[in-house]
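The values are calculated or read from the model by the stated rules, or taken from the named source; none is laboratory data. Here the structure is a predicted model, which is why all the values come from computation and not from measurement. All Cβ positions, glycine included, derive from the backbone under ideal geometry; neighbour counts span all protein chains shown. Accessible surface is based on the protein model in full, side chains and every heavy atom, while ligands, DNA and RNA are left aside. Shrake-Rupley method; radii C 1.70, N 1.55, O 1.52, S 1.80 Å.
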Amino acid sequence: MDRRDFLKLSAGASVMLTAGSSLALLTGCSRNDGPAHGYRHLRSQDVTLLRPLARVLLAPALAAADATADQALLAFDDLLDGGMPGTRGAVFELLDLLQLAPGRWYLTGTWKHFAEQTEEQLNATLDHWSRSESELPRAAFRGLTQPLHMAWYVKPDAARTTGYPGPPNKIIG
């Protein structure tokens, strides 16, 4: 994801989030209880939203490392902790947008919450989302899935599962 895509994603998500948050405030479903237990940044609604995604996106890697989706989310939370506040804010705007059914439908093509989808349905949702004809949903897909992958594979135990041998032991000069 380049800077232009990221800016488009942020601007589009901000517009949709403003409209959605107005509706959420009117209906009383908007809340921010702070970080979920054990997390520094991810809220409980974010963990609920991302857990099924992490299971599907990182399935082979999690199996190879004998790890869980929650461990991947903790790695993602660590990545957010090291990020700039503006970048972190854009991620949370995207997560808030995905909490709203109309926003989720626009970006992913499904009204159904990720936690309510079977693995097959979620794979189909991710496939549809990644192949969207609109730039904003594709940028949102990359803006969420790339950091999730990066957060997982930056962990030493997870990096070993990629098959990459790592840096050379001896550099010949």
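Identify the residue in the stretch 119-149 that is aliphatic (A, V, I, L, M) and touching a helix residue (DSSP H, G or I) at 6+ places or on another chain (Cβ under 7 Å) and, among all such residues, is nearest to Asp77 (Cα to Cα). My answer is Leu148. Filtered by the rule that a residue be at pLDDT below 80, under 17 Å from the mean Cα position of the chain (by Cα) and of a type in the set (Ser, Thr, Tyr), the stretch 1-52 gives Ser10, Ser14.
Among residues that are open to solvent by 70 Å² or more (accessible area, probe 1.4 Å) and within 19 Å of Leu7 (Cα to Cα), Pro147 is not included. Please work out if Gly173 is modelled with pLDDT under 90, out of contact with any Asp or Glu (no Cβ under 9 Å at 6 or more places or on another chain) and not aromatic (Phe, Trp, Tyr). Against the criterion (modelled with pLDDT under 90, out of contact with any Asp or Glu (no Cβ under 9 Å at 6 or more places or on another chain) and not aromatic (Phe, Trp, Tyr)), Gly173 qualifies.
Of all residues in the stretch 88-112, those being surrounded by fewer than 16 Cβ atoms within 10 Å (Cβ to Cβ) and closer than 14 Å to Met150 by Cβ number 0. Taking Leu74 as the residue in question, decide whether it is open to solvent by less than 40 Å² (accessible area, probe 1.4 Å), in a helix (DSSP H, G or I) and among the aliphatic types (A, V, I, L, M). When the stated conditions are applied, Leu74 does not pass them.
Which count do you get for residues in the stretch 82-101 that are over 14 Å from Asp46 (Cα atoms), at pLDDT below 90 and in a helix (DSSP H, G or I)?
Step one: list which residues in the stretch 82-101 are over 14 Å from Asp46 (Cα atoms), which gives 82-87, 101.
Still in the running and at pLDDT below 90: 82-87.
Checking which are in a helix (DSSP H, G or I) leaves us with 82, 85-87.
Total meeting the criteria: 4.
Given the criteria small (Gly, Ala, Ser), under 15 Å from Ser14 (Cβ atoms), modelled with pLDDT of 90 or more and not in a loop (DSSP other than H, G, I, E, B), does Gly143 qualify? It is true that Gly143 is small (Gly, Ala, Ser), under 15 Å from Ser14 (Cβ atoms), modelled with pLDDT of 90 or more and not in a loop (DSSP other than H, G, I, E, B).
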